[in-house]
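The values are calculated or read from the model by the stated rules, or taken from the named source; none is laboratory data. Owing to the predicted nature of the structure, the values given are computational and were not obtained by experimental measurement. Please note: Cβ atoms are built from the backbone with ideal geometry, for glycine as well, and neighbour counts cover all protein chains shown.
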Amino acid sequence: MTETEKIHLLLVDDEEKFLNALTERLKLKFFDITPATNGEDAIEVSQKARFDVAVVDLQMPGIDGVQLLETLKQSHRFLEVIILSGHATIDTAVACTKLGAFKVLEKPCGFEKLVETIKEAYEARLKKKFENDTQRMKKIQSLAFGQSPLGILRELHKMDDNLK
Amino acid sequence: MTSHASDLVHKQGLQFFGSVNASISHELKNIFAIISETAGFLNDLTQLSKQGQTFDLCLLENCSNSIAEEIERGFDTIRQMNQFAHSVDDPVKETRIHDTLALAVKLTGFLSFARKTRLEPSGTEITIDTSPFLLQTLVYRTLRALYRAMDTSAELTLTLRESEASLVTLIFSHDQAVDLTDFPDFRTADVAEVLKAAFTKSDTGLALTLPRENKDLRDKFAGG
C-alpha cells in the first residue's frame, strides 16, 4: 500500500493507550486513522467522514461494540467492521458475524494479523461496492429503454435512497 | 439456614469466582495488548532509525513510560486477584470491612460499565465477624447493580458507619436518581439473608446494614 491509496480506518477502543499505540503503528503502514474512545464519538465521526473499515472493541462504557456494529452496518452499507476484543467468545463471535462483522479477532492479536485482516476487509468492501455499481449500471441501462427522462430520474432517486 | 449458607458458598461461590476471574482476565488481556502494541511501535521506530529516518525522541520516552505503567497496572491487578483468591481461606473470621470495600471497588472497576467510585476513608478500623467471601460477594453484587442502574456520568460514594454498637452500615450514595426497583435480585437477597444484612433504599442512595457478629455462621463453620 502506498500513501496515495490510503485505507480510511475508524479505530474504536476505550483503552486509550492501546488506541494511541495502534494508531501510531497503523499510520506507519499508510492507513488513514480516525481514533475514537467510545461508541458515541465513533457514530458522530462516522456521520461526518467516509470510512472503508472500522476496528471496534466489544466492551465499552455507553454504546458497546455490538450496538456500534449494528449502527455502523445500518448507516454505512459498504463499511466492513472488524471486532477486536479481549472478551471475544464463540457466542459473541457468532452473534457479531450474524450482525455483519467481517471478522472477530481476540486481543492481544498480532499486529501483522490485524493489518492483513484490515486489508482483506478493504478488498471485500471494494468487491461489494464494485458488484453494487455493476448492478446499478445494469439497472440504469434497462431504465433507459421505455422511460421518460423524469421517470428515469425518479428511479435513480429511489436507487440512491436504498444506498443510504 | 446454616446448610443454606454452606450451599451458597459452593453454588454462588463458583459463579462469583468465574465472573470475577473473567473480568480480571479481560483486564490482563488489555494490559498485554497495550504492552504488545507499544513494544511493536518501539520496534517500528528502531527500523525507521536504521533506515536513516528521524523522529521525535519523546516518542521513545512515551513508549518506555507506557510499558512501565502497564507492568505496574498488571502487578496491581495480580495483587487484587491474589487478595480475592485468599478471601475463601477462612469461612468465617474477623474481617476489616474497609479492606473488603476497597477490594470490591477495584474488582468491579474492571467491569466495562463501572462508574467513578470514591471510598471515603473510615476514621477507625471497623471489623465484623462474618464470612469474608460472602461479604465480598454481597458488596460486589451491590456495586454491580448500582453501576448498571447509574448513568455513565454519575458518581458513587461509599461511606462506612458504626450505626449502633452491634451494627455497621455501608452507605452507597449516588449523585443522580437511579431505578433500583428490581434490587436486590434473588441471588443477592439470598447472600444478604445468610449474612443477616438488610438493605434500605432512598432517592440518593442505598444503605446496607450488617451485624458485627453473625453467630449462626460462626457456629456452622466452627463445626467444620
*Inside segment B:101-130, can you point out the residues that are outside any helix (DSSP H, G or I), within 16 Å of the chain's Cα centre (by Cα) and crowded, with 18+ Cβ neighbours inside 10 Å?*
B:PHE110, B:LEU111, B:ALA114, B:ARG115, B:THR117
_Selection count, segment B:48-72, where residues are more than 9 Å from chain A (Cβ to nearest Cβ) and under 14 Å from A:ARG25 (Cα atoms)_ = 2
_Search result, residues across segment A:19-51 that are touching a Lys or Arg at 6+ places or on another chain (Cβ under 8 Å) and either surrounded by fewer than 19 Cβ atoms within 10 Å (Cβ to Cβ) or modelled with pLDDT of 95 or more (or both)_ = A:PHE30, A:ASP32, A:ILE33
*asked:* Of the conditions (1) surrounded by 15 or more Cβ atoms within 10 Å (Cβ to Cβ); (2) not in a strand (DSSP E or B), B:ALA177 satisfies every one except a single condition; which number is it?
replied: (1)
*Six or more apart or on different chains, Cβ under 7 Å: which pairs go from a residue in segment B:70-82 that's in the same structural domain as B:ALA102 (by TED's automatic domain parsing) and of a type in the set (Val, Ile, Thr) to one that's modelled with pLDDT under 95 and surrounded by 12 or more Cβ atoms within 10 Å (Cβ to Cβ)? Could you list them?*
none
*Scan segment A:120-141 and give yes if some residue there is closer than 30 Å to B:ASP44 by Cβ, assigned to a helix (DSSP H, G or I) and within 14 Å of another protein chain (Cβ to nearest Cβ), otherwise no.*
no
*Unmet criterion (only one of (1) loosely packed, with under 12 Cβ neighbours inside 10 Å; (2) more than 19 Å from A:LEU22 (Cα to Cα)) for A:LYS113*: (2)
_From A:ALA101, A:ALA54, residue being crowded, with 21+ Cβ neighbours inside 10 Å, assigned to a loop (DSSP other than H, G, I, E, B) and under 16 Å from the mean Cα position of the chain (by Cα)_ = A:ALA101
*asked:* Restricting to segment A:3-15, count the residues that are more than 17 Å from the chain's Cα centre (by Cα) and farther than 14 Å from A:VAL55 by Cα.
replied: 2
*Of the residues in segment B:89-143, how many are touching a strand residue (DSSP E or B) at 6+ places or on another chain (Cβ under 9 Å) and within 14 Å of chain A (Cβ to nearest Cβ)?*
5
*Residue in segment B:190-198 that is surrounded by fewer than 16 Cβ atoms within 10 Å (Cβ to Cβ), farther than 24 Å from A:MET60 by Cα, at pLDDT below 90 and more than 20 Å from the chain's Cα centre (by Cα) present*: no
*asked:* Being within 13 Å of another protein chain (Cβ to nearest Cβ) and free of Cβ contacts under 8 Å to residues at least 12 places away in the same chain narrows it down to one residue among A:LEU28, A:LEU58; which is it?
replied: A:LEU28
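Here is a yes/no grid of residues against (1) charged (D, E, K, R); (2) more than 14 Å from chain B (Cβ to nearest Cβ); (3) free of Cβ contacts under 8 Å to residues at least 24 places away in the same chain:
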position	(1), (2), (3)
A:ALA21	no, no, yes
A:GLY39	no, no, no
A:VAL45	no, yes, no
A:ARG50	yes, yes, no
A:GLU70	yes, yes, no
A:GLU80	yes, yes, no
*Of the residues A:LYS27, A:LYS17, which single one is assigned to a helix (DSSP H, G or I), of a type in the set (Lys, Arg) and under 22 Å from A:GLU123 (Cα atoms)?*
A:LYS27
*Please specify each residue of segment B:153-174 satisfying the condition of being loosely packed, with under 15 Cβ neighbours inside 10 Å and in a loop (DSSP other than H, G, I, E, B).*
B:SER153, B:ALA165, B:SER166
